[in-house]
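What follows draws every value from the coordinates through simple rules; no lab data is involved. Everything numeric here is computed off the predicted structure, so don't read it as measured data. Cβ placement follows ideal geometry from the backbone for every residue including glycine, while neighbour counts extend to all protein chains displayed.
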């Protein structure tokens, strides 16, 4: 990979910042719990882009950035499975997945 | 072999100062526009499907950064796994698009304001001089070095993540199964949860 890379680091960081803000907006404003989960996935992707960017533009010796990114992807998969199982259970209990209508601690 | 051939093709066709920024701009728009549609779409199935081009474009950004293995994992795990899981969850609940149902809660205005404030603060910080980075370092043998790192100094994290994945697998099955079938003769007050 010796092609000339003329993209400044800030361009990537701006993209990841905007992606994080969009994910935060989805988490804060959506009613459907599954849409909130999608917002969390967007935020995790923004963090992952940052990991890879700083790995590439940083020292370049270690592989910590990529190890972190792979760990984040694996944990995101586990988190999505658990969260969707909880959402299914909540839907079975409350007959809704809107987070502003689920306000009881006991079913 | 294939990698070197790919490098030759890449260097002869797409190198230069024009194609690389163009690819970056296209991939960035491919990340951000579907992300906005995920956040705003009224139909939950559409929102889940808009997640796909967003995640594929993120994989393209990984490719531009030289992390090929991560791009493959991104497509396999996110596009192949998580999006399908989300689609299943959408279809198992009644999240389908109903134009009369509000999709945003009462804090829509403040949520947008908070997200824009976070973006503004971070973008303001990004304009500082400290972020004026030099060109990226040249990397080679990324996948092999990553494998050495994962099974060498970071093998503990690797194993812990595998145990967490196993626990999440079993836990999600147990949680999603819900209440067990009521025993015969038992009080069936919670029989409405049966499958």
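How much length would be gained if the chain were fully extended between residue B:25 and residue B:138, taking 0.36 nm per residue of separation minus their Cα-Cα distance, in nm to one decimal? Don't jump to the answer; show the numbers that get you there.
Values: separation 113, 0.36 × 113 = 40.68 nm, distance 2.19 nm.
Going from the current span to full extension adds 38.5 nm.
Relative contact order for chain A using alpha-carbon pairs under 8 Å, separation at least 6, rounded to a whole percent?
Normalised by residue count, the contact order of chain A is 25 percent.
Starting from the 7 Å offset along Cα-to-Cβ, what nm value, one decimal, do you get for the label separation of residue B:106 and residue B:45?
A separation of 3.3 nm, rounded to one decimal place.
Under a crude label model (7 Å from the Cα following the beta-carbon direction), how far is residue A:94 from residue B:165 in nanometres?
3.2 nm
May I ask for the angle, rounded to the nearest 10°, between helix A:33-57 and the longest principal axis of chain A, with both axes built from Cα atoms and the value confined to 0 to 90°?
10 degrees
Semi-axes of the equivalent ellipsoid for segment A:9-94, please: Cα gyration tensor eigenvalues, times 5, square-rooted, ordered largest first, whole Å. Intermediate values should be presented prior to the final figure.
On the way: eigenvalues 178, 53, 4 Å².
Working from the Cα gyration tensor, I get semi-axes of 30, 16, 4 Å.
Rounded to whole Å, give me the distance from the Cα center of segment A:61-90 to that of segment A:1-53.
For segment A:61-90 versus segment A:1-53, the Cα centre distance is 15 Å.
As a check on your grasp of the helix formula, calculate [θ] at 222 nm for chain A: sum -39500 (n - 2.57) over DSSP H runs of n ≥ 4, divide by the residue count, round to the nearest 500.
Numbers: 3 runs with 77 residues, N = 107.
About -25500 deg cm²/dmol.
How far is helix A:64-94 tilted, in degrees, relative to the longest principal axis of the Cα atoms in chain A, given as a value from 0 to 90 rounded to the nearest 10?
With both axes taken from Cα atoms, the answer is about 10 degrees.
Counting other C-beta atoms within 10 Å, which of B:57, B:172, B:127 has the fewest, and how do the rest follow?
Numbers: B:57 23, B:172 20, B:127 9.
So the ranking, lowest neighbour count to highest, is B:127, B:172, B:57.
How do B:91, A:43 line up, fewest other C-beta atoms within 10 Å first?
Values: B:91 13, A:43 20.
By the 10 Å Cβ count, ascending: B:91, A:43.
On a full-extension model of 0.36 nm per residue, what is the gain between residue B:18 and residue B:158, subtracting their alpha-carbon distance, rounded to one decimal in nm? Walk me through the numbers on the way to the answer.
Working: separation 140, 0.36 × 140 = 50.40 nm, distance 3.97 nm.
Contour length minus the Cα-Cα distance gives 46.4 nm.
With everything on Cα atoms, drop me the angle between helix A:9-29 and the longest principal axis of chain A, reported from 0 to 90° to the nearest 10.
It is inclined by approximately 0 degrees.
Quick one: if the Förster radius is 45 Å, what FRET efficiency do residue B:177 and residue B:4 give, using the C-beta to C-beta distance and rounding to 0.05? Kindly include the intermediate steps, with their values, before the conclusion.
Working: r = 50 Å, r/R0 = 1.12.
So the FRET efficiency works out to roughly 0.35.
How high is the FRET efficiency from residue B:125 to residue A:11, r the C-beta distance, R0 22 Å, rounded to 0.05? Please report the intermediate quantities before stating the final value.
Values: r = 15 Å, r/R0 = 0.69.
About 0.90, to the nearest 0.05.
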